[in-house]
Amino acid sequence: MPIRRPDPPLEYLHSASISSLESYELSRLNHAANLRREIAALLDQWIEETVHAQLARWVLEDRVMQQHSSGCETFTPQGQLPFEVPVIQEMAALRIARPLKPAAPQR
């Protein structure tokens, strides 16, 4: 579990100069942005690992279906991944809001 920094001493903040307060603010915003990037990377990695696990499950189930119907000529393998839509919905629900890139100027 990550170690949480103690809250800043209020006495110091009240007595600090404007430039010190601005510097402190920028350092906290920078730290927050770094944490956000780490979280986004972990979330992307988690989603990718989940997709790989679900793909393996799909292949396992497809093989079981093939074994059970190996004597049947009408067997057709699964055409669509059964988890496609839920994963997309899951990704949309869990996606961390990322700043929008500015639109290209229209000419």
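Only the coordinates and a few stated rules stand behind these numbers; no lab work does. Since this is a predicted model, take the numbers as computed values, not measurements.
Length gain on complete extension for the stretch Leu60 to Leu13, per 0.36 nm per residue less the alpha carbon to alpha carbon distance?
Details: separation 47, 0.36 × 47 = 16.92 nm, distance 5.97 nm.
Gain on stretching Leu60 to Leu13: 10.9 nm.
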Notebook entry, point to check: Based on the alpha-carbon gyration tensor of the range 1-41 and its eigenvalue square roots a ≥ b ≥ c, which shape applies: rounded if a/c is under 1.5, prolate if not and a/b is larger than b/c, or oblate?
Noted result: oblate
